[in-house]
Amino acid sequence: MGEANRIELDAVIVGAGFAGMYMLHKLRGQGLNVRVIEAGSGVGGTWFWNRYPGARVDIESRDYGYSFDPELEREWRWSERYAAQPELLRYLNHVADRYDLRRDIQFETRVTAAHFDEAAARWTIETDRGDRLSARFCIMATGCLSEPKDIVFPGAEDFAGEVYRTFDYPEQGVDFTGKRVAVIGTGSSGLQTITAIAPECAHLTVFQRTPNYSVPANNHPLTADEQAEWDAEREAYRARAKAQPLAFWNEPTEALALEATPEERHREFERRWEFGGFRVGAPYADTGVNLEANRILADYAADKIRSIVRDPHVAERLTPRTYPFGTKRLCVDTGYYQVYNRDNVTLVDLRETPIERITADGIRTSERDHPVDAIVYALGFDAMTGTLAKLDIRGRDGLTLREKWAHGPVTYLGLMIAGFPNLFTITGPGSPSVLTNMVMSIEQHVEWIAAAIAWLDEHGKATIEATPQAEAEWVAHVAEVAHQTLYPLADSWYMGANVEGKPRVFLPYVGGFDAYVLACNDAAANDYRGFATG
Ligand code: NAP
């Protein structure tokens, strides 16, 4: 590519979801010349793409908005306790309008390569539209769950019916009236899709490989009183949430399940189940770290499934047996288990009868053919590393990120990578990210990165990068804290176990948002300790 159409910028941001939008706003506020490159035709990232029926955030709406501008918080009204995808997308579009973001976002363009030019200390970023951008900073706001897994079933291309993926579901929706529909995959996306479409279609067949634990959301429209309460306590609520390991209020406790009586435990489990959402998953301090304590919670959840699902065989198949409670991402639902009491819903357990192939008419398992008119794939993502590994990213001495991460991602604080100066990853592997309220984690990263850039300028420095030593220590720490929990016992996407050939490494940082923020702030306060600046 020639140099003629080369564009000089201070920073290129890849992705216009929650992270890229705020990063743009923040850096523009610091006087930088910035361009965002976004593959979609609009802002919103996750909430732009994942338009499948029933898509809904599963932490409370009041947690799931930016907190950086009190005015923005005051003027926006959520309609439900947990906002659905269309409302979240409206919110993000409102933010784009409010801060006039679109003029610096180039839509329908994919970054293909980012190479560091050591002599110039600049990144050259190329796109599938032939752009060649030169920037001092390259900031990956590419999301943690943005690279969908491939459809791997033999014969998938032979299917003559309709094919959808939850990841890029048609914007205008799909009318399943009178149709026989298959959903493959029972993670959060599958569960929400299944719950939403079961009442619409003639017959729904759910193909489940591993059952997930799911807890009720207890979603409802927000009343005027609740709105008023949220408004009144917003500042205090936000402050309290940001001091939590999850960056949202989860009613944390020091109490131990193993020290409580069965009656006390049952009361506590029930109280949380009634309230709904993620606090069901953390009723005691030991359920995430002690197998015996975890078993008690798992048994309670199994009882709940049995109490909802009328057919005991179906209930048993819906009950996870192969991993501790909460070690695969907990799902939060609105009537999921109840779906299996419907006459038009069938559960196929792929552990008993695996898929052999997709045929022109439907899905063939080892037992029989399941003829369907449409298949919805909800197979999940190559999480946290997939999107970045796909790009041609080269740092110092031509080192590719793919090579660097061949045995699992290595980063310092999930923010920077040794050998890749001035390349930042927002909520990258090794940061708390997906284990927390993503929006708070994103804000914290954006603010840290913006402050680091300002510091470089104040100190007349051109570059910053993680030192190999700080990076190695952080990677060891991320692994160490993960292994103090039960998480590594599950074949989850947290562990990279959902993608064939992916190194089995616990990807996010489980040490808590609060502890993590201290580590980030401490590095910054000590002249970016653990980072080399030059
Ligand atoms: P996921 O949790 O990884 O679920 C993928 C599902 O597809 C699993 O049930 C998996 O089974 C199944 N699957 C994958 N490959 C398969 C194969 N070859 N054959 C049969 N089954 C296969 O993906 P997701 O549901 O898209 O959710 C990903 C994450 O996105 C969530 O954990 C959550 O963090 C986020 N999310 C959040 C929300 C929300 O906030 N409400 C909604 C959706 C997603 P196995 O378990 O056996 O691998």
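The values are calculated or read from the model by the stated rules, or taken from the named source; none is laboratory data. Every value quoted in this text rests on a predicted model; they were computed, and no experiment measured them. We place every Cβ from the backbone using ideal geometry, glycine too, and count neighbours over all the protein chains shown. Heavy atoms of the whole protein, side chains included, go into the accessibility calculation; ligands, DNA and RNA do not. Shrake-Rupley method; radii C 1.70, N 1.55, O 1.52, S 1.80 Å.
Within region 78-104, being within 30 Å of R394 (Cα to Cα) and open to solvent by 20 Å² or more (accessible area, probe 1.4 Å) holds for R102, R103, D104. Evaluation of R102 against the conditions (1) touching a helix residue (DSSP H, G or I) at 6+ places or on another chain (Cβ under 7 Å); (2) free of Cβ contacts under 8 Å to residues at least 12 places away in the same chain shows that the sole unmet condition is (2).
Against the definition (within 30 Å of R321 (Cα to Cα) and open to solvent by less than 10 Å² (accessible area, probe 1.4 Å)), how does G496 come out, yes or no?
On the way: within 30 Å of R321 (Cα to Cα): yes; open to solvent by less than 10 Å² (accessible area, probe 1.4 Å): yes.
For G496, the condition - within 30 Å of R321 (Cα to Cα) and open to solvent by less than 10 Å² (accessible area, probe 1.4 Å) - is met.
Tell me which of these A217 doesn't satisfy, since it passes every other one: (1) within 16 Å of D63 (Cα to Cα); (2) within 14 Å of the ligand (Cβ to nearest atom); (3) open to solvent by 20 Å² or more (accessible area, probe 1.4 Å). Single failed check for A217: (3). Elements of the type helices (runs of 4 or more DSSP H) sitting completely within region 290-394 and holding at least 2 residues that are touching a Pro at 6+ places or on another chain (Cβ under 8 Å): these cover 291-308, 312-318.
Here is a yes/no grid of residues against (1) modelled with pLDDT under 95; (2) among the charged types (D, E, K, R); (3) part of a loop (DSSP other than H, G, I, E, B):
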{"residue": "L456", "(1), (2), (3)": "no, no, no"}
{"residue": "K461", "(1), (2), (3)": "no, yes, yes"}
{"residue": "A470", "(1), (2), (3)": "no, no, no"}
{"residue": "W474", "(1), (2), (3)": "no, no, no"}
{"residue": "V481", "(1), (2), (3)": "no, no, no"}
{"residue": "Y494", "(1), (2), (3)": "no, no, no"}
{"residue": "R504", "(1), (2), (3)": "no, yes, yes"}
{"residue": "G511", "(1), (2), (3)": "no, no, yes"}
{"residue": "D514", "(1), (2), (3)": "no, yes, no"}
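Do we have any residue at all in region 462-473 that's within 30 Å of S61 (Cα to Cα) and in contact with a strand residue (DSSP E or B) (Cβ under 8 Å, 6 or more places away or on another chain)? No, there is no match, as no residue in region 462-473 is within 30 Å of S61 (Cα to Cα) and in contact with a strand residue (DSSP E or B) (Cβ under 8 Å, 6 or more places away or on another chain).
Of the residues I308, I358, I296, the single one that is within 16 Å of the ligand (Cβ to nearest atom), within 30 Å of the chain's Cα centre (by Cα) and of a type in the set (A, V, I, L, M) is I358. One residue alone among R122, R180, R129, R136 is more than 16 Å from the ligand (Cβ to nearest atom) and touching a His at 6+ places or on another chain (Cβ under 7 Å), and that residue is R180. Residues considered: R56, R51. Of these, the only one that is open to solvent by 50 Å² or more (accessible area, probe 1.4 Å) and within 18 Å of the chain's Cα centre (by Cα) is R56.
Rundown of residues vs (1) closer than 20 Å to E87 by Cβ; (2) open to solvent by 30 Å² or more (accessible area, probe 1.4 Å); (3) out of contact with any Leu (no Cβ under 7 Å at 6 or more places or on another chain), yes/no style:
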{"position": "P154", "(1), (2), (3)": "no, yes, yes"}
{"position": "T166", "(1), (2), (3)": "yes, no, yes"}
{"position": "A198", "(1), (2), (3)": "no, no, no"}
{"position": "A202", "(1), (2), (3)": "no, yes, yes"}
{"position": "T205", "(1), (2), (3)": "no, no, yes"}
{"position": "A232", "(1), (2), (3)": "no, yes, yes"}
{"position": "R240", "(1), (2), (3)": "no, yes, yes"}
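As a summary of the residue check, R396 satisfies the conditions (1) open to solvent by less than 10 Å² (accessible area, probe 1.4 Å); (2) in contact with a Gly (Cβ under 8 Å, 6 or more places away or on another chain) except for the one numbered (1). Against the criterion of being crowded, with 16+ Cβ neighbours inside 10 Å, within 14 Å of the ligand (Cβ to nearest atom) and of a type in the set (D, E), D382 qualifies.
Does V339 qualify as being crowded, with 19+ Cβ neighbours inside 10 Å, of a type in the set (A, V, I, L, M, F, W, C) and within 23 Å of R351 (Cα to Cα)? First the steps, then the outcome.
On the way: crowded, with 19+ Cβ neighbours inside 10 Å: yes; of a type in the set (A, V, I, L, M, F, W, C): yes; within 23 Å of R351 (Cα to Cα): yes.
It is true that V339 is crowded, with 19+ Cβ neighbours inside 10 Å, of a type in the set (A, V, I, L, M, F, W, C) and within 23 Å of R351 (Cα to Cα).
Taking every residue in region 77-94 that is not assigned by TED's automatic domain parsing to the domain that holds Y64 and pairing it with any residue that is β-branched (V, I, T), at least 6 positions away or on another chain, yields no pair with a Cβ-Cβ distance below 6 Å. Annotation note: Cβ proximity below 8 Å between a residue of region 434-449 that is without any contact (Cβ under 8 Å) to a residue 40 or more places away in the chain and a residue that is buried (at least 21 other Cβ atoms within 10 Å of the Cβ) and in a helix (DSSP H, G or I) (sequence gap 6+ or interchain) occurs for no pair.
Counting the residues of region 127-145 that are open to solvent by 20 Å² or more (accessible area, probe 1.4 Å) and within 26 Å of the chain's Cα centre (by Cα) gives 4.
In this structure, is G65 open to solvent by less than 20 Å² (accessible area, probe 1.4 Å) and part of a loop (DSSP other than H, G, I, E, B)?
Yes; evaluated as a whole, the condition is true for this residue.
Every test in (1) in contact (Cβ under 8 Å) with a residue 40 or more places away in the chain; (2) more than 11 Å from the ligand (Cβ to nearest atom); (3) under 30 Å from T127 (Cα atoms) is passed by K149 save one, and that test is (2).
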